[in-house]
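What follows draws every value from the coordinates through simple rules; no lab data is involved. In this text, all values refer to a predicted model and were calculated from it rather than measured experimentally. Positions of Cβ are backbone-derived with ideal geometry, glycine not excepted, and every protein chain shown enters the neighbour counts.
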Amino acid sequence: MQQPSAVIRPYQNSDFDAFAQMVGVCWTEDYKEVLSDNPPVKMCKSMVLSAADGIMPIDLMCIDDSPIGFIMYQIDSPKSDWCQKEGYGCIREMYIRKDYRKQGYGKILVAHAENEIKKLAAQHIYLTADDDNAIAFWQCIGYFDTGEICEANNSNILIKHV
């Protein structure tokens, strides 16, 4: 069976409900976090404001114009609410719906973000991961575990040189 064609595009205000729903699933099912509201509207509004300010782009992966995933990335700077390695590219969040996982969509979405980060002249990209499956995914696409633990979220720091 042929894989449906996916399109990656910037977040639009009309995507808010679908985006908030995906963020809620990501945080509760993948990160095992307890959220006070699900979907997490307040948290997503903050993310969207960072994107609108040009601090942290949010790009969606869509099939037939229906979002199946998202990625948020930035160049770390004091302007961001998350700045662990100033000047480095950072993949803040990446999510693919479970029914689309293990089909290459995550790799495509990450490659897109890496290309966007390269355009901004970062030489390294980092991210944090605390789940063995997530760490294995990132390592399979070229990230290496630094052995450092991020104090902000108690997760492993992985880096890729670009």
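Tell me the residue from Ala51, Ala20 that is surrounded by 14 or more Cβ atoms within 10 Å (Cβ to Cβ), closer than 14 Å to Glu93 by Cα and touching a Cys at 6+ places or on another chain (Cβ under 9 Å), please.
Being surrounded by 14 or more Cβ atoms within 10 Å (Cβ to Cβ), closer than 14 Å to Glu93 by Cα and touching a Cys at 6+ places or on another chain (Cβ under 9 Å) holds for just one of Ala51, Ala20, which is Ala20.
So which of Gln139, Gln123 is farther than 26 Å from Cys44 by Cβ and in contact with an Asp or Glu (Cβ under 9 Å, 6 or more places away or on another chain)?
Going through Gln139, Gln123 in turn, just one is farther than 26 Å from Cys44 by Cβ and in contact with an Asp or Glu (Cβ under 9 Å, 6 or more places away or on another chain): Gln139.
Any idea how many residues of segment 111-162 are within 14 Å of Cys90 (Cβ to Cβ), in a strand (DSSP E or B) and aromatic (Phe, Trp, Tyr)?
The number of residues fulfilling the criteria is 1.
Test Ile58 against the stated conditions and say whether it is under 30 Å from Pro4 (Cα atoms), crowded, with 20+ Cβ neighbours inside 10 Å and out of contact with any His (no Cβ under 8 Å at 6 or more places or on another chain).
It is true that Ile58 is under 30 Å from Pro4 (Cα atoms), crowded, with 20+ Cβ neighbours inside 10 Å and out of contact with any His (no Cβ under 8 Å at 6 or more places or on another chain).
Across segment 80-128, what is the total count of residues that are exposed (fewer than 13 other Cβ atoms within 10 Å of the Cβ), polar (S, T, N, Q) and in contact (Cβ under 8 Å) with a residue 24 or more places away in the chain?
Final tally of qualifying residues: 1.
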